[in-house]
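The values are calculated or read from the model by the stated rules, or taken from the named source; none is laboratory data. Values in this document were obtained by computation on a predicted structure and should not be read as measured data. Cβ placement follows ideal geometry from the backbone for every residue including glycine, while neighbour counts extend to all protein chains displayed. Quick note on the areas: whole protein, heavy atoms, side chains included, nothing else; ligands and nucleic acids left out. Shrake-Rupley method; radii C 1.70, N 1.55, O 1.52, S 1.80 Å.
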Amino acid sequence: MSKYRVLIAVVTIVVLLLTACRPAAPVAKGEPYKIGMTAALTGPAAGTAGPEAEGFRLYMQKLNDSGGINGHPVELTVQDDRGEPTQAASNMRKFTDQGVHIVRNTSSSATFAPTVQEAKRANIPAVFTLTAPPEAMPPNPDPLIYMGSHGFGMGSPFLNLDIMKSINPSPKIGLLGMQIPASTAQMTNMDKEAQRMGIPSLLKIAPADTVDMTSIAQAYQDWGANWVFYSGPGAFSTMLFDAMQKAGWKGNLLDQAVGVPPETTETKYKGNTNVYLASAYVPLAADLPPHKELKETAQKYGFTNVNSLYLIGWYDGVLFKEILTKAGWPVTTEKLVNVMQNLTVDRKPVMGPVRWTPQDHVGNYSAQVYHWDGKSLAGSGPWFMTDALGIKRSTGKELKDIK
């Protein structure tokens, strides 16, 4: 055997020995913490709910492979509800039969009532993602009902009035909602707030199965809107903006990164200076350390087409880990509620904190404006902040200013 082959053999043996001696990831051997997730994986809200659900599933997979929580694995059961109330209720009953400890709802507000009803019947805490149900709102929230990652309360759309007025001192806004409870309520409240602020607004509510925005777009144009804004799941905002641009409209779109991912807006409207994005998080393109961790984990586990909406699910994973870790084992609803009603989770440098108190299970909401700078959608201006009801609103220069 030549010296070269001997050297190769020795190196190979050393590598094998080092690999064998490398400490393996801890294995969770205890009974599992059980989480149920009902999500709109199909249907009109799937474009928003799907990536958020996947981000949560990705975090839980990483968590289990890292040893779980307190030596216990996490058992996540995911059920598609299509955004339909009856299916969400059925999913919740399945979770109860399986003995889940806590539930996550990543679906349209049409599923909120049955989710809340079943959670209360079974005495299981439920955390909602796309927006906050009334039962989580201050000042007297239900002990079992909470709002998760981006803290999107009923007053949060009011911030967008502040944003539009900061860009154009004389906004005239076409407001669009989807015919589901939370979207309709939010946009109705936003319309009232606009009138209180002296901002002209025209409110339209579209059925959830709407595929042609031509008539709504024409109504806004005839009225003389210089902004359009939509609050709700799915891509109604881009559908509306497309219809208005097709007719030659030159006004501005303010989109929400909690409904349509920044990547979609950037690709679809590349170079269009009439597009603004209100984002509750720093998008993946910023490539901060938490972004890199998410992207590397997604690649490791074969998750494809990852976009910034994954961040919402990922940080709900962080939130659930914190809750379950503090609740300890054995886990009970009483322990979970004691933890959840007095909880703060820091999510800098990507989002503002989650902060729950016995009087408020939603917490503050924050957003920054992203606008086309010639090369990409870049953050501009301050962070806008509000409480859950939209009463106390302010601005901060940086994310660190958000308390």
- Which listed residue is among the β-branched types (Val, Ile, Thr), open to solvent by 10 Å² or more (accessible area, probe 1.4 Å), farther than 27 Å from Pro358 by Cα and in contact (Cβ under 8 Å) with a residue 40 or more places away in the chain, from Ile180, Ile163, Ile173: Ile180
- Item | Filter result (modelled with pLDDT of 95 or more and loosely packed, with under 11 Cβ neighbours inside 10 Å) within the range 197-211 | Gly198, Pro207
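Mind checking which residues of the range 254-276 are polar (S, T, N, Q) and closer than 19 Å to Ser366 by Cα?
Here is the first cut: in the range 254-276, the residues polar (S, T, N, Q) are 256, 264-265, 267, 272-274.
Gln256, the sole residue that qualifies.
If you go through the range 355-378, how many residues are surrounded by fewer than 19 Cβ atoms within 10 Å (Cβ to Cβ) and modelled with pLDDT of 90 or more? Talk me through it step by step, then tell me what you get.
Residues of the range 355-378 surrounded by fewer than 19 Cβ atoms within 10 Å (Cβ to Cβ): 355, 357-359, 371, 373-376, 378.
Next, from what is left, pick out any that are modelled with pLDDT of 90 or more: 355, 357-359, 371.
Selection size over the range 355-378: 5.
For the range 58-78, enumerate the residues that are within 18 Å of the chain's Cα centre (by Cα) and under 16 Å from Val100 (Cα atoms). Outline the logic, then answer.
Pass one, the range 58-78, residues within 18 Å of the chain's Cα centre (by Cα): 58-60, 78.
Passing the criteria: Met60, Val78.
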- Determine whether the range 32-53 contains at least one residue that is touching a residue at least 40 places away in the same chain (Cβ under 8 Å) and more than 24 Å from the chain's Cα centre (by Cα). yes
- Item | Among residues of the range 336-354, those that are in contact (Cβ under 8 Å) with a residue 12 or more places away in the chain and either open to solvent by less than 10 Å² (accessible area, probe 1.4 Å) or closer than 17 Å to Gly313 by Cα (or both), counted | 12
- Pairs under 6 Å by beta carbon, first residue within 11 Å of Leu377 (Cβ to Cβ) and touching a residue at least 12 places away in the same chain (Cβ under 8 Å) in the range 269-288, partner part of a loop (DSSP other than H, G, I, E, B) and open to solvent by less than 20 Å² (accessible area, probe 1.4 Å), six or more apart or different chains? Val275/Tyr269; Leu277/Ala257; Ser279/Ala257; Pro283/Ser308
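State all residues of the range 263-282 that are closer than 19 Å to Lys375 by Cβ and open to solvent by less than 10 Å² (accessible area, probe 1.4 Å); if no residue qualifies, say none. It would help to see each step written out before you state the result.
Keep residues of the range 263-282 that are closer than 19 Å to Lys375 by Cβ, which gives 263-277, 279, 282.
Once the filter is applied, which keeps residues that are closer than 19 Å to Lys375 by Cβ and open to solvent by less than 10 Å² (accessible area, probe 1.4 Å), the range 263-282 yields Thr265, Val275, Leu277, Ser279.
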- Task: All but one of (1) assigned to a loop (DSSP other than H, G, I, E, B); (2) modelled with pLDDT of 95 or more; (3) β-branched (Val, Ile, Thr) hold for Thr188, so report the exception by its number.
- Result: (1)
- If you go through the range 47-65 one residue at a time, do you hit one that is over 21 Å from Ile312 (Cα atoms) and open to solvent by less than 20 Å² (accessible area, probe 1.4 Å)? no
- Subset of the range 72-121 [buried (at least 18 other Cβ atoms within 10 Å of the Cβ), closer than 21 Å to Leu324 by Cβ and not β-branched (Val, Ile, Thr)]: His72, Pro73, Glu75, Leu76, Asn91, Met92, Phe95, His101, Arg104, Asn105, Glu118, Ala119
- Query: Quick one: what pairs do we get from the range 98-113, first residue farther than 10 Å from Ala88 by Cβ, second of a type in the set (D, E, K, R) and open to solvent by less than 10 Å² (accessible area, probe 1.4 Å), C-beta under 9 Å, 6+ apart or different chains?
  - Reply: Arg104/Asp316; Thr106/Glu52; Thr106/Asp316
- Message: It is to be established whether one or more residues within the range 207-226 are touching a residue at least 40 places away in the same chain (Cβ under 8 Å), at positive phi and either of a type outside the set (D, E, K, R) or touching a strand residue (DSSP E or B) at 6+ places or on another chain (Cβ under 9 Å) (or both).
- Response: yes
- Task: Restrict the check to the range 122-139 and report whether at least one residue is over 19 Å from Thr38 (Cβ atoms) and either crowded, with 17+ Cβ neighbours inside 10 Å or among the hydrophobic types (A, V, I, L, M, F, W, C) (or both).
- Result: yes
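Within the range 226-235, can you find the residues that are more than 17 Å from the chain's Cα centre (by Cα) and open to solvent by less than 10 Å² (accessible area, probe 1.4 Å)? If you could, list the steps in order and put the result at the bottom.
The first filter runs over the range 226-235 and keeps only residues more than 17 Å from the chain's Cα centre (by Cα), leaving 226-229.
Matches in the range 226-235: Trp227, Val228, Phe229.
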- Which residues, counting only those in the range 262-313, are under 24 Å from Tyr230 (Cα atoms) and of a type in the set (S, T, N, Q)? Thr264, Thr265, Thr267, Asn272, Thr273, Asn274, Ser279, Asn307, Ser308
